[in-house]
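The values are calculated or read from the model by the stated rules, or taken from the named source; none is laboratory data. Since the model is a prediction, treat every value here as computed from it, not as a measurement. Every residue, glycine among them, receives a Cβ derived from its backbone with ideal geometry; neighbour counts consider all protein chains shown. Accessible surface areas use protein heavy atoms only, side chains included; no ligands, DNA or RNA. Shrake-Rupley method; radii C 1.70, N 1.55, O 1.52, S 1.80 Å.
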Amino acid sequence: MADMRSKNGESLRWEVERISSEIAIKVVQRLNTSSILYLRIIEFISKDKYNLYIEKLIKKDIYRIIQLLCIVEWNIRKEEKSITHIILCPKYELFEELKAVWPNEKVYIEYYNQFFKRDNLIFILKLIIKNMVDFFERIFFSYLVTVPSKLPMLAVHYAEGINVERRSDLCWYQGSKIDPKFVLIYFDLIKQSLSPVSNDVLRQIENIGMQWVCLDKRALMNWSACIWKPNLNKQSFQGHILLKYPMQMLNRLSTERWLFKTSKNLLKKIEYWVAFYKDFNIKVHYDISEIEDPAQSIALESVGGIFIGRQRSEHFWHVTSDLGNHHRHVYFAWNNRQPWYLKLDRSRIDYIIISGFPSDSVFSKNKGETFLLRNSLFERGVSFVIALYDNAYNNDIHFSERMMTEFYREFLKWVIEEKEVGIIIKPKKPRHFKRLIEVKQILAQAMETGRCLVLAESLGRLASDAAHPADIAVGIGISSAVIEAVIAGCKGIHYDVSGLQSHTFYKWGYKKVIFDDIDKMMVSLKRYKENPNNEPELGDWSLHLDELDPFRDGRGGERIGTYIHWLLEVFNKGGSRDEAIQYANKLYSEQWGGDKIISMTE
């Protein structure tokens, strides 16, 4: 699919994202007026957040069908044949809603009754396994007995790790003046590393003076650790809303059945997080993970707390492709371009705080160590060093294995052919890098020269580690790694293989900082290598650095931590969530400028 293009020349993936989002939004608009259950639920929880939750689930549900539609339309354009096309899909509960807003009158959609549904079997098996695990956990494992803190606590979701010299969940801690005893780090299965958290990490947290709690036994190597489970009342929030619903409606309308199941799941999650926040007296929750439902945000509102997130990578998708991922009261962004993207994604964020790149304090610390790499290359006769960044790939997204192979092959060939050229590779995901079968042989040849280096332990390492010793950084796609490299002081180029020409970088930086043709990019790079005066604007962001990070002062994490400290100050004095946000916004504006606080609700 990465090799297919829409009418405007961009990757067909972008079209799938746009159409599936638009249809999901239209279906929810229909539910707004036609569903009795929908109207009942929004009496109890935020209509805006509930809408976004349902939109996200519908988009996920219809995504494969819309993908087929876009592929069929691509084939029609290619073949120029006027024949009837029909997409067959298994019958599911939202089919009539989808059919009502189907966007192409020449391509029909029909369903068939599927006797055996593999997805249903998988769902049932997962449910059985989960219930069995819960049953045995209650028999064999110890449960945490909580005594709520008298003072407000900050909950931090462990996702990237606690090592502040890498991508870290604690990048905000140094300089924040937050007392570590009021920080609670919690563990579940949603984290960057697939392996369980070691005892060494738990000891490090305790040595800092912070507390930790486990929500899922599988998240830790230490199976003797106590885990927290909520004590839920069966006739509680979800029962109050749903059990009184006229059940005969569910028997009659498939859409209502779907809405009932998905709403029940959301309400169950809300109750879970309300119990968590009350048990530990959580008033601020910091979580960088992108989540698909607003349960934590709604639960925090019910206990008077604040849900905080921060930007992890460059937002570049020009349509509502991240639909439903951002339910935050406060969100820290690198720059003032992000609010525009987040509005397109229909995010439910109250305030965006422009704080700069969150891990920039690490740049100077890591610089000395990574310059040893440059010295080792210079000893081999290298005079021109490139930092190289790949990306995730598969058949259904905008990057394919063929594209990644072509990208690597061009640079590895260059290293082998020219003794003055060296590259430092920072793979995004080492397991994806190792799967590039056609790259292995030429990579081995390049590494034998001693002028091709692959960063060790690259998962979780900052992209800037490869950029510090480099003359220029090159990444595939609109690359977050290149953005980080440029903020750290390196020149940078995006090889936009997906052809996203609607992106703002094309307006001023085409064939300077962004290319959509690898041959032209390589010609420019080789000319620059021979003499920088040949291509003076290549990789030059000097006039646009504020669009990436308006601060660039090594204090991005400190700004986040100080803001959180101000929130906790107000809670500590018995203030409300609104008072806490207004107080922190006021102080932040005074210190860093009123233009760095952006209200998304006005």
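The table below lists the values:
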read-out	value
Kirkwood Rh and Cα Rg combined as Rg/Rh, segment 343-437	1.09
Segment 445-561: relative contact order as a whole-number percent, Cα under 8 Å and 6+ apart	19
Reduced Cα scattering model of segment 463-588, Debye log10 I(q)/I(0), q = 0.10, 0.13, 0.17, 0.22 Å⁻¹	-0.45, -0.63, -0.84, -1.20
Estimated distance in nm for a label pair at ASP3 and CYS89, the labels positioned 7 Å out from Cα along Cα-to-Cβ	2.6
Residue-span extension gain [ALA444 to ILE76] - 0.36 nm each, minus C-alpha spacing	128.2 nm
With at most 12 other Cβ atoms within 10 Å, longest stretch of the chain clear of loop chymotrypsin sites (Phe, Trp or Tyr not before Pro) (DSSP)	224-602
5 angstrom amide H check on ARG328, placed H, neighbours 5+ away	ARG348, ILE349, ASP350
Sequence-distant aspartates and glutamates (8 or more away, or on other chains) whose Cα lies within less than 16 Å of LYS573	ASP179
Label-point separation in nm, PHE378 to LYS181, each point 7 Å along Cα→Cβ	5.0
Span-rule helices in the chain, defined as complete DSSP H runs reaching 20 Å or more along the axis (Cα) with Kyte mean at least 0.5	118-140
Fully extended contour minus Cα-Cα distance, from VAL101 to SER313, at 0.36 nm per residue	73.0 nm
Above-threshold pairs, the threshold being 23 Å between Cα atoms, out of LYS191/LYS429; LYS91/LYS191; LYS47/LYS126; LYS56/LYS264; LYS343/LYS512; LYS7/LYS426	LYS91/LYS191; LYS47/LYS126; LYS343/LYS512; LYS7/LYS426
Cα centroid separation, segment 19-67 to segment 533-599 (Å)	33
Charge-dipole axis of the chain as Lys and Arg at +1 and Asp and Glu at -1 on Cβ define it, positive-most pick from ALA485, LEU12, ILE227	ILE227
For the chain, alpha-carbon Rg and Dmax in angstrom	25.7, 79
Label-point separation, GLU418 to LEU127 (7 Å along Cα→Cβ), nm	6.1
Computed over the chain: relative contact order in percent, which uses C-alpha pairs under 8 Å that are six or more apart	15
Largest-first ordering by accessible area, 1.4 Å probe, given options ASP3, ASP516	ASP3, ASP516
Dipole moment magnitude, nearest 20 debye, segment 362-458 about Cα centre, only Lys, Arg, Asp, Glu C-beta charged	300
Convex hull of segment 384-445 built on C-alpha atoms - directionally averaged projected area, nm²	4.1
Charge dipole magnitude, Cβ of K and R +1, D and E -1 - the chain, Cα centre, debye nearest 20	1540
Cβ-derived FRET efficiency at R0 22 Å, MET221 paired with ASP188, nearest 0.05	0.90
The chain - mean residue ellipticity at 222 nm from DSSP helices (-39,500 (n - 2.57) per run, n ≥ 4, rounded to 500)	-14000 deg cm²/dmol
Segment 371-423-segment 432-489 distance, computed between alpha-carbon centres (Å)	6
